[in-house]
Amino acid sequence: MSESKKDLEEFQREISHWLKANKPADPEFLLPETFMEVGTDRQFDFLRNWQQKVYEAGYLGMAWPEEYGGRGRHQEYQNIVNREMAEQRVPFVPNTIGLNWAGPLILQRGTEADKQKYIKGILNAEDIWCQGFSEPDHGSDLGNVQCKALKDGDSYIVTGSKIWTSLATYAKYMILLARTSNTDSNKYAGLSFFLSPMKVAGIDVQPIKKLTGEYGFCQTFFNEAKIPADCIMGNEGEGWSVAMATLTFERGAAGGQAGGLSMMDLNVNDIVELAKHSRRNGQPVLDDPLIRDELVQLIMDDRSNRLMSSRSRIPALRGERPAAVAMSGKLRGSELKRRMTKFAISLQGANGSRYVGSSAIDGGRWQRSYFNSFSATIGGGTSQVQKNILGERVLGLPKS
Amino acid sequence: MSNQINFTEEQSMLLDTAMSFCQSHSPIETVRHQIENHKFDAEQWQAMVELGWLGISIPEKYAGLGLGLGEVVPIVESMGRNLMVSPFLASTLATQVLVHGDNENLKNKYLPNIVNGSIATLAIQELEGAWDINLNEALGKREGELITLSGTKFQVLDLDVAEIVIISILLDKQVVLICIDQKEIPPENIKREIVIDETRNSFSLDLNGLKIQSSALVKLKDLKVIEQSALLLLSAEMCGGLASTLNTIIDYLNTRKQFDRLIGSYQALKHPTVDILLALEALRSHLYYTAGQFGDGDSSDGDLEVALHMCKALASESFAYAGDRCIQFHGGFGFTYECDAQLFLRRAIWSQYQFGDEKYHRQLLAKLLLDECA
């Protein structure tokens, strides 16, 4: 099925027009940058309303099947919406885990009943989803999950805790990885995957206050919580393979996401814009040669990242270490963002000392962005671990 | 600016050929031998002539292949990887002045010979060491049809073997180029210079008293052609050099043991080595983007200028850093002349200060990126 260029161009104009007309005005409070930073009810309500509006207008889940609440159109339409949303800098749609990870997983592996039950609520943001994978003692070592789920008639009894469960305070469902058996010699074989309800006795959510002062991350405690046995996805012992399938959606390695915008984008052009309008000690900052030099380096590094992706698509230019570009993506991207936001604060003179509030420049978003940037330089394996991985797997150096 | 890299079939083939040619013709022992003997390798040069490499960027009507300088990039990159001692770089750069110049007689006279192996070189630099060609002070004074020269040029590459010399002079208050036979220069005006990279054959050229015909004048639409060609090819050579520096470091980190452990297992050495890897991946991406933009030879293209400054800025900083770390990571052995690390560091520093270092290019980038589009 291929869509005519004319139809797509026409649709591009339609969505562009719709977004301009319907983009919500900036609220009087600072919006979070990603779903992981949704910490107050007013932030959540604002974003949920926005997602509902986008869905009802027909611009979310456009390529998902109509019988479950999607629009049954070609993926190219949703791609156009996603690009246009980023371009116009509209707020993101907050049900990220549902739209991008749980939803495509259910459509791929769920039963007919699962699809009927969950998909529409994911799209219209009635049902918020969170993810229960990491545990306090097992950050990156997913295979070692210890949270227990023991079969008891029509139920599983869940005991343990999950950490970094973003949106858990608002969530109706969780994709949960838990251990249903301890007897297997292989630690992966004892894992099972659940589409677990959250509003159940024995499930207790505690928000975690982050260095930014915001909430959003949570720890979720299970104290003999009883969840229905039929919310297991697949069979007992298949949890690892379902979790790995989820991660391919999470990492964007597999298509099928509902679409929309999942974070407030910040790029080097924002920093250049900020610099053009900033003053330091009574002078335009762009008169300062040191500031200019640092800014040029950030622009170059941003461009390096783009060109590296471009080169890695040309087989003859991949060179002797073809994995280097893909494997260093998170390290390069997250470190650049950290440096850019740190630099943005340096453009503000004494106002650099301010923090989120009305008297701070841009409401304090740069200070907050800098703090939040550490979530990516730490989460998913710290930059230091990334360098070990690159050194060992790409350069062939001995293990540290 | 686009992120699309235009990599041609010709570039791909040249990359394959050049990689294996340079590897077999320029092992490190050969490089060291040439450093000691300063002997021009005529056989190797002839092999390059036969491969057609000297005519790549020369239009077909002058017996060349009619491709762009972007197609020369894989060759120079491969030479850089092997620290190859060759007048190829100097000759190709000097060739660009003739190709882009307006002097049809000189084109007909010299370009076909260059395709067949005549070596050309550029004499631009002066004692002050400025990078901007517009700051040249060597003078030409008209006396009828003759121009009398005064001043001295430095860091003229391969002047001993060059047949064609292209010199920048200030004539009627404008910087112009002249193209002469090397035979017209008295031998005592040419003196070998010591430079930090011993793989370079570098000379000073005393212009005082030389008289040349005004028919030797070459006018360029834009003097930038020289700088732009040099930035592209130097970045290519440096990219190759950086790749080999990285490989040299990795080899040593995987063989040398201290405190009962391979030194590559220490994060203090491992992490900077990864930084060098990422700098190489970045530079090579910029390089081939820029090579792909070079095709049409429009020197006023703002995107091309930005791309070239970025290339040389990244190349200068990262190659010098890698060379510096290469010495340090070799420990005591790194302090010796016998260790190859010094060859890379010397090459890196020589290249860093030719046609502008990273600070200079970032300054120019700041003007292009932050001021004009404001």
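Descriptive notes on the structure:
- Residue among A:ARG339, A:ARG321, A:ARG292, A:ARG279 that is at pLDDT 95 or above and away from every other protein chain (no Cβ under 13 Å): A:ARG339
- Qualifying position, being crowded, with 19+ Cβ neighbours inside 10 Å and touching a residue at least 24 places away in the same chain (Cβ under 8 Å), among A:ALA168, A:ALA86: A:ALA168
- Test: B:ALA47 is hydrophobic (A, V, I, L, M, F, W, C), open to solvent by 20 Å² or more (accessible area, probe 1.4 Å) and not in a loop (DSSP other than H, G, I, E, B): yes
- Search result, residues across region A:324-333 that are within 7 Å of chain B (Cβ to nearest Cβ), assigned to a helix (DSSP H, G or I) and of a type outside the set (D, E, K, R): A:ALA324, A:VAL325
- Answer residue from region B:325-366, given it is in contact (Cβ under 8 Å) with a residue 24 or more places away in the chain and acidic (Asp, Glu) and is most open to solvent (accessible area, probe 1.4 Å) among those: B:ASP340
- For region A:1-48, the set of residues classified as at pLDDT 90 or above, open to solvent by 80 Å² or more (accessible area, probe 1.4 Å) and within 17 Å of A:ASP265 (Cβ to Cβ) consists of A:LYS23 only.
- Residues of region A:306-318 that are more than 8 Å from chain B (Cβ to nearest Cβ) and either under 18 Å from B:HIS271 (Cβ atoms) or surrounded by 18 or more Cβ atoms within 10 Å (Cβ to Cβ) (or both): A:SER312 alone.
- Qualifying residue in region A:199-206 (condition: closer than 15 Å to A:ALA168 by Cβ and under 21 Å from the mean Cα position of the chain (by Cα)): yes
- Residue in region A:221-241 that is in contact with a helix residue (DSSP H, G or I) (Cβ under 7 Å, 6 or more places away or on another chain), open to solvent by less than 60 Å² (accessible area, probe 1.4 Å) and not in a loop (DSSP other than H, G, I, E, B) present: yes
- Scan of region B:3-38 for residues that are facing another protein chain (nearest Cβ under 9 Å) and either closer than 20 Å to B:SER202 by Cβ or not in a helix (DSSP H, G or I) (or both), ordered by number: B:ASN3, B:GLN4, B:ILE5, B:PHE7
- Residue ranges of strands (runs of 3 or more DSSP E) in region B:57-160 with at least 2 members open to solvent by 10 Å² or more (accessible area, probe 1.4 Å): B:139-143, B:146-150, B:152-157
- Number of the condition not met by A:PRO284 [criteria: (1) open to solvent by 30 Å² or more (accessible area, probe 1.4 Å); (2) of a type outside the set (D, E, K, R); (3) within 30 Å of B:THR8 (Cα to Cα); (4) touching a His at 6+ places or on another chain (Cβ under 9 Å)]: (3)
- Selection count, region B:57-71, where residues are more than 8 Å from B:LEU14 (Cβ to Cβ) and in contact (Cβ under 8 Å) with a residue 24 or more places away in the chain: 10
- Candidates B:ASP260, B:ASP303, filtered to the one that is without any contact (Cβ under 8 Å) to a residue 12 or more places away in the chain and open to solvent by 10 Å² or more (accessible area, probe 1.4 Å): B:ASP260
- The residue that is farthest from the other protein chains (Cβ to nearest Cβ), among those in region A:342-358 that are of a type in the set (S, T, N, Q) and touching a helix residue (DSSP H, G or I) at 6+ places or on another chain (Cβ under 8 Å), is A:ASN351.
- Residues that are open to solvent by 40 Å² or more (accessible area, probe 1.4 Å) and either more than 24 Å from the chain's Cα centre (by Cα) or polar (S, T, N, Q) (or both), drawn from region A:172-188: A:ASN182, A:THR183, A:ASP184, A:SER185, A:ASN186, A:LYS187, A:TYR188
- When residues in region A:378-400 are screened for being assigned to a helix (DSSP H, G or I) and more than 14 Å from chain B (Cβ to nearest Cβ), 1 of them pass.
- Subset of region B:267-281 (residues that are open to solvent by 10 Å² or more (accessible area, probe 1.4 Å) and at the interface with chain A (Cβ under 7 Å from one of its Cβ atoms)): B:GLN267, B:HIS271, B:LEU278, B:GLU281
- Residue list for region A:249-308, restricted to those being of a type in the set (Val, Ile, Thr) and closer than 24 Å to A:LEU47 by Cβ: none
- Restricting attention to region A:198-220, the residues that are assigned to a strand (DSSP E or B), open to solvent by 30 Å² or more (accessible area, probe 1.4 Å) and not aliphatic (A, V, I, L, M) total 4.
- Considering residues of region B:283-300 that are open to solvent by 10 Å² or more (accessible area, probe 1.4 Å) and either in a helix (DSSP H, G or I) or under 29 Å from A:GLU392 (Cα atoms) (or both) only, the residue modelled with the highest pLDDT: B:ARG284
- Those helices (runs of 4 or more DSSP H) of region A:1-100 that lie entirely within it include none in which at least 3 residues are assigned by TED's automatic domain parsing to the domain that holds A:ALA360.
- Between A:LEU347, A:LEU295, A:LEU331, the distinction of being crowded, with 19+ Cβ neighbours inside 10 Å, within 22 Å of B:SER265 (Cα to Cα) and in the same structural domain as A:GLN283 (by TED's automatic domain parsing) belongs to A:LEU331 only.
- Any hit, region B:234-255, residues being touching a helix residue (DSSP H, G or I) at 6+ places or on another chain (Cβ under 6 Å), within 14 Å of chain A (Cβ to nearest Cβ), open to solvent by 40 Å² or more (accessible area, probe 1.4 Å) and of a type outside the set (D, E, K, R): yes
- The numbered conditions (1) at the interface with another protein chain (Cβ under 7 Å from one of its Cβ atoms); (2) among the hydrophobic types (A, V, I, L, M, F, W, C); (3) part of a helix (DSSP H, G or I) are all true for A:TRP366 except (1).
- Complete set of residues in region A:253-272 that are under 15 Å from A:TRP366 (Cβ atoms) and open to solvent by less than 90 Å² (accessible area, probe 1.4 Å): A:MET264, A:ASP265, A:LEU266, A:ASN267, A:VAL268, A:ASP270, A:ILE271, A:VAL272
- If the condition is being more than 16 Å from B:ALA236 (Cβ to Cβ), of a type outside the set (Val, Ile, Thr) and touching a residue at least 12 places away in the same chain (Cβ under 8 Å), then region B:9-31 contributes B:GLN23, B:HIS25, B:PRO27.
- So B:ASP275, is it part of a helix (DSSP H, G or I) and either without any contact (Cβ under 8 Å) to a residue 60 or more places away in the chain or among the polar types (S, T, N, Q) (or both): yes
The values are calculated or read from the model by the stated rules, or taken from the named source; none is laboratory data. From a predicted model like this one, the values you see are computed outputs, not experimental measurements. Cβ coordinates were reconstructed from backbone atoms using ideal geometry, including for glycine residues, and neighbour counts include every protein chain displayed. SASA here: full protein model, heavy atoms, side chains in, ligands and nucleic acids out. Shrake-Rupley method; radii C 1.70, N 1.55, O 1.52, S 1.80 Å.
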